[in-house]
Amino acid sequence: MSETRLIHLVDDDEAVRHSASFMLRHAGFTVKTYADGVIFLESAQQAELGCILLDVQMPHMDGLEVQQRLNDLGISLPVIVLTGHGDVEVAVKAMKAGAVDFVEKPYEKQMLLAALTRAFERLDARSHKDVLTDEAKGRIERLTPRERDVLGGLVDGFTNKMIAETLDISPRTVEIHRANLMEKLDAPSLSSVLRIAFAAGVGMDSAV
């Protein structure tokens, strides 16, 4: 269970960021603010556990695009989207993409707090292991089929030469795929690669 009630507030409107964060802090939350979705995504993979309060109408990348990018990265922190009044279509799309709830602007304090309560209940219902599993699976999904083949060989304890023979490719090609997959997994060592792979279920009686 998360003891820290952290909210990642992503909104390009400085006045909204200021007023909302002030209100939320007085309601007992910790708030980190981001001026737009691009800025948030730059640090999203290292983001502390919490809920994301995500505005839809933003420059550079709108909230739905940010939400899709979070899904692509395997970041499964609960999302509440802030929509314009009556923007039902956007709200439906956000919910289909996994948002916990949506709140129309200008929002009422109690409605926002109720949505946040539901979001944190979802977060609390998941164990830390669940979070790690989802993040690991998200990283694995970035790999190409051939990189997954090489990963499977590493999980089986094969050397580069053995992997090359199994896949009928050169050891040099294996080295390239191995370097690429380590970069995509953000894994600086083989042990890091294996931790991510096992967290995602690779080699644990499941296919790569």
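The values are calculated or read from the model by the stated rules, or taken from the named source; none is laboratory data. Nothing here was measured: the structure is a model prediction, and the numbers come from that model. We place every Cβ from the backbone using ideal geometry, glycine too, and count neighbours over all the protein chains shown. Quick note on the areas: whole protein, heavy atoms, side chains included, nothing else; ligands and nucleic acids left out. Shrake-Rupley method; radii C 1.70, N 1.55, O 1.52, S 1.80 Å.
Scan segment 79-87 and give yes if some residue there is in a helix (DSSP H, G or I), open to solvent by less than 60 Å² (accessible area, probe 1.4 Å) and either closer than 25 Å to A20 by Cα or not charged (D, E, K, R) (or both), otherwise no.
no
Just for segment 167-208: of the residues that are among the charged types (D, E, K, R) and open to solvent by less than 70 Å² (accessible area, probe 1.4 Å), which one is farthest from D134 (Cα to Cα)? This residue is R178. Can you spot a residue in segment 140-151 that is under 27 Å from V79 (Cα atoms) and hydrophobic (A, V, I, L, M, F, W, C)? There is at least one residue in segment 140-151 that is under 27 Å from V79 (Cα atoms) and hydrophobic (A, V, I, L, M, F, W, C). Within segment 9-32, residues that are open to solvent by 70 Å² or more (accessible area, probe 1.4 Å) and in a strand (DSSP E or B) have Cβ atoms under 8 Å from residues that are at pLDDT 95 or above and of a type in the set (K, R) in no pair, counting only partners at least 6 apart in sequence or on another chain. A164 falls short on exactly one of the conditions (1) in contact (Cβ under 8 Å) with a residue 24 or more places away in the chain; (2) not in a loop (DSSP other than H, G, I, E, B), and that condition is (1).
On the stretch given as segment 90-118, residues that are of a type outside the set (D, E) and not in a helix (DSSP H, G or I) total 9. Does D124 meet the test of being touching a residue at least 60 places away in the same chain (Cβ under 8 Å) and of a type in the set (D, E, K, R)? Spelling it out, D124 is indeed touching a residue at least 60 places away in the same chain (Cβ under 8 Å) and of a type in the set (D, E, K, R). In segment 162-172 there is no residue matching the filter, namely being at pLDDT below 95 and touching a helix residue (DSSP H, G or I) at 6+ places or on another chain (Cβ under 6 Å). The set of residues in segment 139-166 being open to solvent by less than 40 Å² (accessible area, probe 1.4 Å) and aliphatic (A, V, I, L, M) consists of I140, L143, V150, L151, L154, V155, I163, A164. Looking across segment 94-122, just one residue is farther than 22 Å from E65 by Cα and touching a Ser or Thr at 6+ places or on another chain (Cβ under 9 Å), and that is F120. Just one of (1) assigned to a helix (DSSP H, G or I); (2) at pLDDT below 85; (3) open to solvent by 50 Å² or more (accessible area, probe 1.4 Å) fails for E42. It is (2). Could you check, for segment 91-103, whether at least one of its residues is in contact with a Phe, Trp or Tyr (Cβ under 7 Å, 6 or more places away or on another chain), farther than 22 Å from S189 by Cα, open to solvent by less than 20 Å² (accessible area, probe 1.4 Å) and at pLDDT below 90? So far as segment 91-103 goes, yes, one or more of its residues are in contact with a Phe, Trp or Tyr (Cβ under 7 Å, 6 or more places away or on another chain), farther than 22 Å from S189 by Cα, open to solvent by less than 20 Å² (accessible area, probe 1.4 Å) and at pLDDT below 90. Pairing residues of segment 84-111 that are closer than 15 Å to C51 by Cβ with residues that are surrounded by 11 or more Cβ atoms within 10 Å (Cβ to Cβ) and aromatic (F, W, Y), at Cβ distances under 6 Å and at least 6 apart in sequence or on separate chains, gives A94/F102.
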